[in-house]
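Step one of this worksheet: look at the structure below.
The values are calculated or read from the model by the stated rules, or taken from the named source; none is laboratory data. Owing to the predicted nature of the structure, the values given are computational and were not obtained by experimental measurement. As a convention, Cβ positions derive from the backbone with ideal geometry for all residues, glycine included, and neighbour counts pool all protein chains shown. Remember, those area values only see protein heavy atoms, side chains included, never the ligands or the DNA or RNA. Shrake-Rupley method; radii C 1.70, N 1.55, O 1.52, S 1.80 Å.
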Amino acid sequence: MTTLTHRGRRAEAGRNLDKKSDSEKDAPADRDLNDDDPGDFKDIHLTLMEEVLLLGLKDKEGYTSFWNDCISSGLRGGILIELALRGRIRLEPLSIRKKRLLERKVLLKSDAPTGDVLLDETLRHIKATESAETVQTWIELLTGETWNPFKLQYQLRNVRERIAKALVEKGILTTEKQNFLLFDMTTHPVSNATEKQRLVKKLQESMLERWVNDPHRMERRTLALLVLAHSSDVLENVFASLADDKYNVAMNRTKDLLDMDPEVEAAKARGAEMIWAVLAAFNKA
């Protein structure tokens, strides 16, 4: 159950506060990503998966909520979006027989290494498949949710731990051992809160001060992070610190954004197709 579902009653109370409130080409390479946002890629410190996990972690405890059963698949969706934004994969072109996002297959565009272990492992899996798979199927395969024993080889293991270790290497998290009565668990408390605060502020401002009321005018990584934060059920962590009136405005605008028809929105901006396809996959799930 995602944030917009189980927190909906708080947002619904302020629904009346905010009633009024060109096609792009696929990015052929990292350096061409989102040319309309000069700081988009060169200054990227974190991948989308790292950002989602950071938003989901309890700062002092260093682990995600035990009740969150969405973040594993949300992280896999983040991998697909990150690869698409880096020009490594794309959706197959529209055809008469395959018009819907969830029917279109994920195609390899470039197998050039990204330098990120999880991204490159996923690239190898996509390259190795005999027949192309859809976005929804890839999320399931990467999560290990398949009954086909021959497809279990595509599961990405220990994803949260591997992402956390990458954040440790970047000086954002630290590593500790905690005892939970019957077992010990490795945790990763936030040691440098600056990056998380930046993320939270960025998403809050995108829904408040910098609200444009049009997903196609939003920076694509911001749109992707909103989709993934919702799908991973960590969106509450982004808006929880806001005053009630601003919280309601932010949640209502986010709900309006995520309630848009992915089929329609993907057709308007080809460069963001994977983002909308991932949202469609989670909506169906």
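Would you confirm whether or not segment 138-145 contains a residue that is on the phi < 0 side of the Ramachandran plot, open to solvent by 50 Å² or more (accessible area, probe 1.4 Å) and out of contact with any Phe, Trp or Tyr (no Cβ under 8 Å at 6 or more places or on another chain)? Write out each step before concluding.
We begin by selecting, within segment 138-145, every residue on the phi < 0 side of the Ramachandran plot; these are 138-143, 145.
From what is left, the residues that are open to solvent by 50 Å² or more (accessible area, probe 1.4 Å) are 140, 145.
This time we only want the ones that are out of contact with any Phe, Trp or Tyr (no Cβ under 8 Å at 6 or more places or on another chain), so: 140, 145.
The answer is yes, given that some residue of segment 138-145 is on the phi < 0 side of the Ramachandran plot, open to solvent by 50 Å² or more (accessible area, probe 1.4 Å) and out of contact with any Phe, Trp or Tyr (no Cβ under 8 Å at 6 or more places or on another chain).
Scanning segment 189-218 for residues being touching a helix residue (DSSP H, G or I) at 6+ places or on another chain (Cβ under 8 Å) and either within 22 Å of Leu80 (Cα to Cα) or in a helix (DSSP H, G or I) (or both) gives a total of 12.
Remark: pairs (first residue in segment 202-227, more than 13 Å from Leu258 (Cβ to Cβ); second residue among the acidic types (Asp, Glu) and modelled with pLDDT under 95; Cβ separation under 6 Å; 6+ apart in sequence or on different chains) = Glu219/Asp37. Inspection of segment 84-96 identifies at least one residue that is part of a loop (DSSP other than H, G, I, E, B) and buried (at least 21 other Cβ atoms within 10 Å of the Cβ). Within the span defined as segment 66-80, every residue fails to be more than 15 Å from the chain's Cα centre (by Cα), modelled with pLDDT under 90 and either of a type in the set (Val, Ile, Thr) or over 26 Å from Trp138 (Cα atoms) (or both).
Residues that are open to solvent by less than 10 Å² (accessible area, probe 1.4 Å) and either outside any helix (DSSP H, G or I) or touching a Phe, Trp or Tyr at 6+ places or on another chain (Cβ under 8 Å) (or both) within segment 269-285 comprise just one, Ala269. Can you spot a residue in segment 27-37 that is loosely packed, with under 12 Cβ neighbours inside 10 Å and at pLDDT 50 or above? No; the residues of segment 27-37 include none that is loosely packed, with under 12 Cβ neighbours inside 10 Å and at pLDDT 50 or above.
For residues in segment 146-155 being assigned to a helix (DSSP H, G or I) and closer than 25 Å to Leu279 by Cβ, which is least open to solvent (accessible area, probe 1.4 Å)? Talk me through it step by step, then tell me what you get.
Of all residues in segment 146-155, those assigned to a helix (DSSP H, G or I) come to 149-154.
Going one step further and asking which of them are closer than 25 Å to Leu279 by Cβ, we end up with 151, 154.
Details: Lys151: 53, Tyr154: 22 Å².
Out of the qualifying residues, it is Tyr154.
The set of residues in segment 221-263 that are in a helix (DSSP H, G or I), in contact with a Phe, Trp or Tyr (Cβ under 9 Å, 6 or more places away or on another chain) and open to solvent by 20 Å² or more (accessible area, probe 1.4 Å) comprises His230, Lys246, Val249, Arg253, Glu263. With respect to the conditions (1) surrounded by 16 or more Cβ atoms within 10 Å (Cβ to Cβ); (2) out of contact with any Phe, Trp or Tyr (no Cβ under 8 Å at 6 or more places or on another chain); (3) in a helix (DSSP H, G or I), Ala266 falls short on a single one, namely (2). Comparison of Glu176, Glu169, Glu121 shows that the only residue that is touching a strand residue (DSSP E or B) at 6+ places or on another chain (Cβ under 9 Å) and over 24 Å from Glu263 (Cβ atoms) is Glu176. Scanning segment 166-180 for residues that are among the β-branched types (Val, Ile, Thr) and either closer than 12 Å to Leu54 by Cβ or within 21 Å of the chain's Cα centre (by Cα) (or both) turns up Val168, Ile172.
A search for C-beta distances below 8 Å between a residue of segment 119-141 that is closer than 13 Å to Leu102 by Cα and any residue that is β-branched (Val, Ile, Thr) and open to solvent by less than 20 Å² (accessible area, probe 1.4 Å), counting only pairs 6+ apart in sequence or on different chains, returns Ala132/Val106; Glu133/Val106; Thr134/Val106; Val135/Val106; Val135/Val278; Trp138/Val106; Trp138/Ile126; Ile139/Val278.
Evaluation of Thr122 against the conditions (1) surrounded by fewer than 11 Cβ atoms within 10 Å (Cβ to Cβ); (2) under 20 Å from the mean Cα position of the chain (by Cα) shows that the sole unmet condition is (1). Taking the condition assigned to a helix (DSSP H, G or I) and more than 19 Å from Arg162 (Cα to Cα), does Ile126 pass? So Ile126 passes the test.
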